Amino acid sequence: MYTKYNFETDKVFSFVNDDVFAKLKKAKCNDILISTTSENIEDVGKSVVWLGNEEIGFSGDMYSYRTTANSKYIAYYFQTTEFQKQKEKKVTGTKLIRIHGDDMAKFSISLPPIEIQNKVVEILDKFQSLLSDTKGLLPQEIEQRQKQYEYYREKLLTFDTESKTIPRQTDRQTDRQTDRQTDRQTDRQTEQ
């Protein structure tokens, strides 16, 4: 899961026969698959949102979370510092780090109304898109883009739900960043 899948996927890379599949735990569209073991604390709890239409099977070293909330919102939350602090209190082991599903079920996640969850996901998806399109950027620009994404992710996933200023400001910032990137790419193509 650490190397093959990004934040979300609708494709699988490994397949098993029907007998093995019948014995596996199952996930459906919009389920969040969470890694429960790793060699380091950072990768325990790494999550992937399953967006495929078919049911998939997964191993015993994973936990599946099904919700009526926006799955991507929760998966983005799993990347925050706030979640990392909760997780670090619950992991066990030294060589093989593990977190148990029972402990994961007890984590506290503040959920704003679904409309705000959807808006936050829309903004963070734009940032993800900017991060994945780094062709022609200098290493410093890539690093700055990553820091900007992390900053806004933290702000968006921990802001006061009564105040809608942060999503609007962040949306404008993302739009400006996209415009600047497009301008730079156009300039580079014109120079060639």
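The values are calculated or read from the model by the stated rules, or taken from the named source; none is laboratory data. What you are looking at is a predicted structure, and each value in this text was computed from that prediction instead of being measured. When we count neighbours, we look across all protein chains shown, and the Cβ atoms used for this are built from the backbone with ideal geometry, even at glycine. Calculation scope for accessible area: heavy atoms of the full protein, side chains included, ligands and nucleic acids excluded. Shrake-Rupley method; radii C 1.70, N 1.55, O 1.52, S 1.80 Å.
For the structure I just gave you, tell me whether SER129 is of a type in the set (Gly, Ala, Ser), at pLDDT below 75, closer than 24 Å to ILE74 by Cα and loosely packed, with under 15 Cβ neighbours inside 10 Å. Step through it out loud before you land on a result.
Working: of a type in the set (Gly, Ala, Ser): yes; at pLDDT below 75: no; closer than 24 Å to ILE74 by Cα: yes; loosely packed, with under 15 Cβ neighbours inside 10 Å: yes.
Considered against the rule, which asks whether it is of a type in the set (Gly, Ala, Ser), at pLDDT below 75, closer than 24 Å to ILE74 by Cα and loosely packed, with under 15 Cβ neighbours inside 10 Å, SER129 comes out as no.
Across the range 85-112, which residue is surrounded by the fewest Cβ atoms within 10 Å (Cβ to Cβ) among those that are more than 17 Å from LEU33 (Cβ to Cβ) and touching a Phe, Trp or Tyr at 6+ places or on another chain (Cβ under 9 Å)?
Top of the filtered list is SER110.
Do we have ILE114 as of a type in the set (Val, Ile, Thr) and more than 17 Å from PHE7 (Cβ to Cβ) here?
Values: of a type in the set (Val, Ile, Thr): yes; more than 17 Å from PHE7 (Cβ to Cβ): yes.
Taking the combined requirement at face value, the residue satisfies it.
Being at pLDDT below 90, aliphatic (A, V, I, L, M) and closer than 21 Å to ARG153 by Cα is the requirement here; does ILE41 meet it? Don't jump to the end; show me each part of the working.
Details: at pLDDT below 90: yes; aliphatic (A, V, I, L, M): yes; closer than 21 Å to ARG153 by Cα: yes.
Considered against the rule, which asks whether it is at pLDDT below 90, aliphatic (A, V, I, L, M) and closer than 21 Å to ARG153 by Cα, ILE41 comes out as yes.
Could you grab the pairs with beta carbons closer than 9 Å, sequence gap of 6+ or different chains, first residue in the range 43-58 and closer than 10 Å to ASP31 by Cβ and open to solvent by less than 10 Å² (accessible area, probe 1.4 Å), second one among the acidic types (Asp, Glu) and not in a loop (DSSP other than H, G, I, E, B)?
Once the first residue is closer than 10 Å to ASP31 by Cβ and open to solvent by less than 10 Å² (accessible area, probe 1.4 Å) and sits in the range 43-58, its partners that are among the acidic types (Asp, Glu) and not in a loop (DSSP other than H, G, I, E, B) give VAL48/GLU8; VAL49/GLU8; TRP50/GLU8.
Looking only at the range 1-33, which residues are open to solvent by less than 70 Å² (accessible area, probe 1.4 Å), modelled with pLDDT of 90 or more and under 13 Å from PHE58 (Cα atoms)?
If the condition is that a residue be open to solvent by less than 70 Å² (accessible area, probe 1.4 Å), modelled with pLDDT of 90 or more and under 13 Å from PHE58 (Cα atoms), then VAL20, PHE21, LEU24, LYS26, ALA27, ASP31, ILE32, LEU33 are the ones that fit.
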